Amino acid sequence: MKLFNHSRKRNNKHKSILNHTLKILIISDIFVFSGLGLIGPILSIFINDNLVDGSIFAAGLASTIYLLTQAILQIVFSYKFNPKDRLWMLKVGTAIMAFVPFGYIFSTQVFHLYIIEFVWGVGAAFAYPSWSSLFTANLEKGKRGLQYSIYSSGVGIGTAITAGVGGYLAELIGFEWVFAITGAIAITGLLFLFQLNKKILRKT
């Protein structure tokens with residue numbers, strides 16, 4: 001009996017801090033947010049200098065459109081859809097967000113920007129509540145604080161690094177290439193989500 005208990009304690013000790021589902025969700029978000037972090041510091045400059053009728057005000061209004069769209073639609077979507085829809089909602093929302101940066105490449109006027117920000121808000125409204133629901137449901141008792149801290153730190157560090165890199169790349173190779181790289185990184189994050197299956201919905 002003592003040998004069995006000792007073996008069980010040893011196995012628990014070496015048990016992974018993060019389960020498979022949490023690893024996938026965290027890695028995916030690190031890629032998505034790190035990718036988007038590339039354009040965060042430079043987007044206002046791009047809008048002001050490269051779009052017809054672009055201005056600092058237009059950049060602020062674009063952010064307002066994105067945030068209001070997300071804030072309103074995520075409530076609508078959460079009411080309309082049930083927890084069993086969370087996985088496909090996460091994938092669809094992340095896909096929309098991942099392809100948004102490519103839209104900036106083809107933008108020439110400020111109203112193009114407003115459309116892109118609206119679409120981005122729709123994607124975020126699908127993805128963010130779904131991700132949070134799945135992540136929270138898969139947190140493990142006794143590890144929740146640590147697991148959430150790992151996620152927060154991972155995304156924070158990734159975004160911090162790419163924020164500086166984005167500005168450097170914009171000067172070096174131009175805005176269009178930065179937008180393309182951003183989209184490619186975000187798509188990588190999207191691909192990780194396809195490792196998740198419907199079994200994780202049993203906890204939601």
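Taken over segment 123-180, the criterion of being of a type in the set (Val, Ile, Thr) and over 15 Å from Ile26 (Cβ atoms) is satisfied by Ile161, Thr162, Val165, Ile173, Val178. Just one of the numbered conditions (1) loosely packed, with under 15 Cβ neighbours inside 10 Å; (2) free of Cβ contacts under 8 Å to residues at least 40 places away in the same chain is not true of Ala127: (1). Looking across segment 100-111 at every residue that is buried (at least 16 other Cβ atoms within 10 Å of the Cβ) and of a type outside the set (Ser, Thr, Tyr), the one that is farthest from Phe179 (Cα to Cα) is identified as Val110. Of note, Ile56 does not satisfy the criterion of being closer than 20 Å to Phe33 by Cα and more than 14 Å from the chain's Cα centre (by Cα). Only one of the numbered conditions (1) under 15 Å from the mean Cα position of the chain (by Cα); (2) among the hydroxyl-bearing types (Ser, Thr, Tyr); (3) under 23 Å from Val52 (Cβ atoms) is not met by Tyr128, and that is (3). The set of residues from segment 166-183 being β-branched (Val, Ile, Thr) and crowded, with 16+ Cβ neighbours inside 10 Å comprises Val178, Ile181, Thr182. Here is the figure for segment 57-90: residues that are of a type in the set (Lys, Arg) and crowded, with 19+ Cβ neighbours inside 10 Å total 1.
Condition test on Phe33, is it crowded, with 20+ Cβ neighbours inside 10 Å and in a helix (DSSP H, G or I)? Against the criterion (crowded, with 20+ Cβ neighbours inside 10 Å and in a helix (DSSP H, G or I)), Phe33 qualifies. Only residues that are within 14 Å of Leu169 (Cα to Cα) and either polar (S, T, N, Q) or at pLDDT below 90 (or both) were counted in segment 24-39, giving 4.
Listed here are the residues, each with its yes/no results for (1) under 29 Å from Ile47 (Cβ atoms); (2) modelled with pLDDT of 90 or more; (3) of a type in the set (S, T, N, Q).
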position: Met97; (1), (2), (3): yes, yes, no
position: Gln109; (1), (2), (3): yes, yes, yes
position: Val119; (1), (2), (3): yes, yes, no
position: Ala124; (1), (2), (3): yes, yes, no
position: Ser132; (1), (2), (3): no, yes, yes
position: Val155; (1), (2), (3): yes, yes, no
position: Gly167; (1), (2), (3): yes, no, no
position: Trp177; (1), (2), (3): yes, yes, no
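Segment 41-159 holds helices (runs of 4 or more DSSP H) entirely within its bounds, and those carrying 1 or more residues that are in contact with a Pro (Cβ under 6 Å, 6 or more places away or on another chain) map to 56-80. Is it the case, given these coordinates, that Thr136 is surrounded by fewer than 15 Cβ atoms within 10 Å (Cβ to Cβ), without any contact (Cβ under 8 Å) to a residue 12 or more places away in the chain, on the phi < 0 side of the Ramachandran plot and among the β-branched types (Val, Ile, Thr)? Yes. When segment 165-196 is filtered for residues that are free of Cβ contacts under 8 Å to residues at least 60 places away in the same chain and more than 16 Å from the chain's Cα centre (by Cα), the ones remaining, listed by number, are Tyr168, Glu171, Leu172, Ile173, Gly174, Trp177. For segment 139-161, the set of residues classified as under 14 Å from the mean Cα position of the chain (by Cα) and surrounded by 13 or more Cβ atoms within 10 Å (Cβ to Cβ) consists of Tyr151, Gly154, Val155, Gly156, Gly158, Thr159, listed by residue number.
The values are calculated or read from the model by the stated rules, or taken from the named source; none is laboratory data. In this text the structure is predicted, and so the values were computed from the model without any measurement. Ideal geometry is used to build each Cβ from the backbone, glycine not excepted, and the neighbour counts take in all protein chains shown.
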